[in-house]
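Participant: Below you will find the structure I want to go over with you.
The values are calculated or read from the model by the stated rules, or taken from the named source; none is laboratory data. Computed from a predicted structure; not experimentally measured. Backbone-built Cβ (ideal geometry, glycine too); neighbour counts: all protein chains shown. Areas reflect the complete protein model, heavy atoms only, side chains present, ligands, DNA and RNA absent. Shrake-Rupley method; radii C 1.70, N 1.55, O 1.52, S 1.80 Å.
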Amino acid sequence: TRPVETISIDGPVSDGVTVSGRLATPMPSDPIVNRALSTLGYSSQSNFMSVAAQHWGATLGTTGLNLGDLAGQSVFGRGASVMVRSDALRVRVLGATPLVIDGPTWTTPSLFAAATDVRTGPATITGFFAHLRDSTYTVRSLDVAGIGGEMSPWTHSLVSAQVAERQYRDGSGVGAAGELRGPVGGGDIDLRIIHAP
């Protein structure tokens with residue numbers, strides 16, 4: 001019985017620069033109605049505005065950053081993110097608050113993450129940092145800083161390794177991850193090893 005208004009924006013604003021976004025009016029407080037409208041793409045929690053060009057991009061509103069297993073995996077919230085890249089460098093930074101703030105109030109909900117990739121010849125060196133305090137899906141308290149690298153030693157292959165210092169609510173520890181993927185001996189191998197305290 002309550003209408004929902006949505007404005008969508010998508011297209012170029014100049015040569016090489018595009019903008020996209022979506023703004024919706026606030027949802028009803030009824031969780032069943034909110035869920036039903038969200039499945040159709042109408043949710044005020046998903047309001048965002050993005051501007052992108054060939055070597056940079058920025059998002060304001062609902063935004064996310066996909067990190068590796070050691071750095072907390074998905075970081076998703078309401079705030080801002082920036083990406084800058086060139087042929088040999090990519091930098092991504094996000095600062096946000098969780099979309100859902102409930103559960104224990106043992107700390108101030110906040111999400112901050114940064115990752116950089118530097119390509120040097122056949123290898124790519126990665127550095128990452130995350131400070132995560134949220135209870136969107138599960139109670140999470142994590143501070144992590146790490147470094148890694150990956151390369152393709154033969155055709156269609158990938159060998160990667162990461163190591164990170166992780167501090168969580170009940171302790172701390174060193175995490176490590178490795179991956180081997182590609183054709184080997186006439187077959188295909190896909191091996192991942194992760195230790196993430």
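Participant: Could you work out the local net charge near Leu23, counting Lys and Arg as +1, Asp and Glu as -1, over the other residues with Cβ closer than 14 Å to its Cβ?
Facilitator: Summing Lys/Arg as +1 and Asp/Glu as -1 gives 0.
Participant: Go ahead and estimate [θ] at 222 nm for the chain from helices alone: -39,500 (n - 2.57) per DSSP H run with n ≥ 4, summed, over the residue count, rounded to 500.
Facilitator: -1500 deg cm²/dmol
Participant: Hey, another quick one. Report, to the nearest whole %, how much of the accessible area of the chain belongs to carbon and sulfur atoms, 1.4 Å probe, protein only.
Facilitator: 59
Participant: Please give the charge dipole size of region 50-148, origin at the Cα centre, charges +1 on K and R Cβ atoms and -1 on D and E Cβ atoms. Round to the nearest 20 debye.
Facilitator: 160
Participant: If you place +1 on the Cβ of every Lys and Arg, -1 on the Cβ of every Asp and Glu, and leave all else neutral, what size is the dipole of the chain about its Cα centre, to the nearest 20 Debye?
Facilitator: 240
Participant: Here's something else I'd like to know. Leaving out ligands and nucleic acids, note down the accessible area per residue over the chain with a 1.4 angstrom probe, in whole Å².
Facilitator: 60
Participant: A further question on this structure: Per-residue HN-Hα couplings for region 138-153, Karplus 6.51 cos²θ - 1.76 cosθ + 1.60 at θ = phi - 60°, whole Hz, x for Gly and Pro?
Facilitator: Couplings: 8, 5, 10, 9, 8, 10, 9, 9, x, 9, x, x, 8, 7, 10, x Hz.
Participant: Using only the Cα atoms of the chain, what do you get for the radius of gyration and for Dmax, in Å?
Facilitator: 19.9, 63
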